[in-house]
Amino acid sequence: MLDYVLIDGDLALFLPTFGVATVVVRPGQMKGSGPGTWNDKKWCVDGDEKQLAVPGCPYFTPVYSIPGVGTLKIAALAANQKAKDTQSNGKAVLLKGGQFTAKFEVQAPAQQPPPAPGPPIPDSMQTYSGLGSFTTFNTNYQAT
C-alpha cells in the first residue's frame, strides 16, 4: 500500500503516556541521510530513526510526583514504516505509516516525597515504553 516517504525535517510526535509515567513531550525532528531527495530534502532511510533523540523532557508518575528528566527516542518502527519495494542506496526508505514504539530513557529520576523527614526517594526505573507517530511535510511522493 502506498504511503508518504519521510524526508529531512519531518517530525516524530510522541504520546505522553509511557506506562505509568507521564512525559512532557516535544516533537523530534528527523534527519534524512538517503541520497534520494524530494523538494531538495533528503529521504529518510532505515537507520535514520536511531539518530533521533529529544533530550530534556520532564516526567513524573503517580508515586514519583517530583519531576525527573529524560530523553525520548524511537525504539522500533512499525512494519508499515519501512518501504518493502522502494530503496535509496540499498536501504529501505521510511514511510509515515502507523505508530512506532518509543522509549523514554531516564537521566535524572523523578522522586517520591519522603514519608517522614528525610530525602526524597528516587524512581528506580531507567526506561519507559510508549508510542509515537510521524508527521510529514511531503504531500506528494509516496512509495511501497
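The values are calculated or read from the model by the stated rules, or taken from the named source; none is laboratory data. Since the model is a prediction, treat every value here as computed from it, not as a measurement. Please note: Cβ atoms are built from the backbone with ideal geometry, for glycine as well, and neighbour counts cover all protein chains shown.
Between A79, A102, which is over 16 Å from L13 (Cα atoms), of a type in the set (A, V, I, L, M) and at pLDDT 95 or above?
When all the criteria are applied, what remains is A79.
Restricting to the range 72-95, name every residue that is of a type in the set (K, R), surrounded by 17 or more Cβ atoms within 10 Å (Cβ to Cβ) and farther than 30 Å from P120 by Cβ.
Answer for the range 72-95, where residues must be of a type in the set (K, R), surrounded by 17 or more Cβ atoms within 10 Å (Cβ to Cβ) and farther than 30 Å from P120 by Cβ: K82, K91.
Check the range 35-50 and report whether any residue there is touching a residue at least 40 places away in the same chain (Cβ under 8 Å), farther than 13 Å from F18 by Cβ and either touching a helix residue (DSSP H, G or I) at 6+ places or on another chain (Cβ under 6 Å) or of a type in the set (V, I, T) (or both).
yes
Given the residues G98, G34, G56, which is the only one that is buried (at least 17 other Cβ atoms within 10 Å of the Cβ) and not acidic (D, E)?
G34
Please enumerate the residues belonging to the range 127-140 that are in contact (Cβ under 8 Å) with a residue 60 or more places away in the chain, more than 18 Å from A79 (Cβ to Cβ) and surrounded by fewer than 18 Cβ atoms within 10 Å (Cβ to Cβ).
Hits for the range 127-140 are T135, F137, T139, N140.
Of everything in the range 7-40 that's in a loop (DSSP other than H, G, I, E, B) and modelled with pLDDT under 95, which residue is nearest to the chain's Cα centre (by Cα)?
The residue in question is G34.
Can you name every one of the strands (runs of 3 or more DSSP E) wholly within the range 46-138 that holds 1 or more residues which are closer than 20 Å to Y4 by Cβ?
Counting at least 1 such residues, we get 68-76, 82-88, 91-94, 99-108, 127-135.
Answer yes if at least one residue in the range 23-34 is among the charged types (D, E, K, R) and in contact with a Cys (Cβ under 7 Å, 6 or more places away or on another chain), and no otherwise.
Yes - at least one qualifying residue is present in the range 23-34.
Against the definition (touching a residue at least 12 places away in the same chain (Cβ under 8 Å), touching an Asp or Glu at 6+ places or on another chain (Cβ under 7 Å) and closer than 16 Å to Y59 by Cα), how does P113 come out, yes or no?
So P113 fails the test.
Check V24, V20, V63, V69 and return the single one that is exposed (fewer than 14 other Cβ atoms within 10 Å of the Cβ) and within 15 Å of Q126 (Cα to Cα).
Among V24, V20, V63, V69, only V20 is exposed (fewer than 14 other Cβ atoms within 10 Å of the Cβ) and within 15 Å of Q126 (Cα to Cα).
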